[in-house]
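The values are calculated or read from the model by the stated rules, or taken from the named source; none is laboratory data. Predicted model, so just to flag it, every value in this text is computed and none were measured. When we count neighbours, we look across all protein chains shown, and the Cβ atoms used for this are built from the backbone with ideal geometry, even at glycine. Just the protein is used for accessible areas: all its heavy atoms, side chains included, with ligands, DNA and RNA removed. Shrake-Rupley method; radii C 1.70, N 1.55, O 1.52, S 1.80 Å.
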Amino acid sequence: MGLTREQVVSTALRLLGEVGLDALTMRRLGQELNVQAATLYWHVKNKQELLDAMAEAMLEGCVARAPEGATWRERAAEMAGRLREALLAHRDGARVFAGTYVTQENTLRFSDMLLGALGDAGLSPRAAAWGAWTLVYYTIGFTLEEQAMTPAGGAGGGKADPAHLREAMARGAYPHLAAAFPHMADADLDARFRYGARLILEGLAAAPGDAPPSPAPPRPAPEAPPRPRAGRRPLRRSR
């Protein structure tokens, strides 16, 4: 039995967990599958198509129906939470997902469910679309930072030096930062994520039903009339 696209994607996700996104190359994947490059490229044309397929696979567990009787806010918050969990389930999951625009079943169904929840809030299709992008962008960005906190979960981000921070705040030069610092360092990331998602949804609920129109493109400056071409005046015959 020959290699399938599903095997390529599942192996890529497993390899992602072992080596991370930066080391996940098409050559490395081909070696893992024990196939030649031509065989691998028959299933995915390039790495971007591979990332698209991986992102689509990550959403497989995100498209279950919401509980009966859930409000639109509960459904939208649930969708954002599912997306975050799906990205956290894979090393560098947020980095893989960011920048992919997939038109396959899981992605389309997830988008339709989220837009349906926002539409039930009374938002116009335009406002629902912009609201959905806002919630998804927030989720990706939050998870990207969350995974970057741990070397195994992201690109190897480091932690701030607590001694240096305490010394800087003790000088009194950053009073607002000093007051907020205990809460900024709160390790309850689940609560922080839910808080941000709730702010977005409350803002959508309080906003007008339609998103503001896009500004009209500037009108081009009128062209100046063509200047008459300079030429020699005809000679007049003397009488």
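The number of residues in region 2-15 being small (Gly, Ala, Ser) and open to solvent by less than 60 Å² (accessible area, probe 1.4 Å) comes to 2.
Taken together, the residues in region 29-55 that are in a helix (DSSP H, G or I), touching a helix residue (DSSP H, G or I) at 6+ places or on another chain (Cβ under 9 Å), over 22 Å from Leu87 (Cβ atoms) and open to solvent by 20 Å² or more (accessible area, probe 1.4 Å) amount to 6.
Looking at the structure I just gave you, is Arg65 basic (Lys, Arg) and in a helix (DSSP H, G or I)?
Details: basic (Lys, Arg): yes; in a helix (DSSP H, G or I): no.
No.
Checking each residue of region 205-219 against the condition of being out of contact with any strand residue (DSSP E or B) (no Cβ under 6 Å at 6 or more places or on another chain), assigned to a helix (DSSP H, G or I), open to solvent by 70 Å² or more (accessible area, probe 1.4 Å) and at pLDDT 75 or above gives at least one match.
Pairs are defined by a Cβ separation below 8 Å, a sequence spacing of at least 6 or placement on different chains, a first member in region 8-21 that is farther than 17 Å from Phe97 by Cβ and free of Cβ contacts under 8 Å to residues at least 40 places away in the same chain, and a second member that is open to solvent by less than 20 Å² (accessible area, probe 1.4 Å) and in a helix (DSSP H, G or I); the pairs so defined are Thr11/Leu29. Among the candidates Ala86, Ala77, the residue that is modelled with pLDDT of 95 or more, open to solvent by 40 Å² or more (accessible area, probe 1.4 Å) and not acidic (Asp, Glu) is uniquely Ala77.
The test for being in a helix (DSSP H, G or I), touching a Leu at 6+ places or on another chain (Cβ under 7 Å) and more than 15 Å from Arg5 (Cβ to Cβ) holds for Met58. Taking the conditions (1) surrounded by 18 or more Cβ atoms within 10 Å (Cβ to Cβ); (2) assigned to a helix (DSSP H, G or I); (3) of a type in the set (A, V, I, L, M) in turn, Ala121 satisfies each one other than (2).
Within region 16-28, if we keep just the residues that are under 19 Å from Trp42 (Cβ atoms) and in a helix (DSSP H, G or I), the residue that is most open to solvent (accessible area, probe 1.4 Å) turns out to be Arg27.
The set of residues from region 131-156 being open to solvent by 30 Å² or more (accessible area, probe 1.4 Å), at pLDDT below 95 and either of a type in the set (S, T, N, Q) or not in a helix (DSSP H, G or I) (or both) comprises Met149, Thr150, Pro151, Ala152, Ala155, Gly156.
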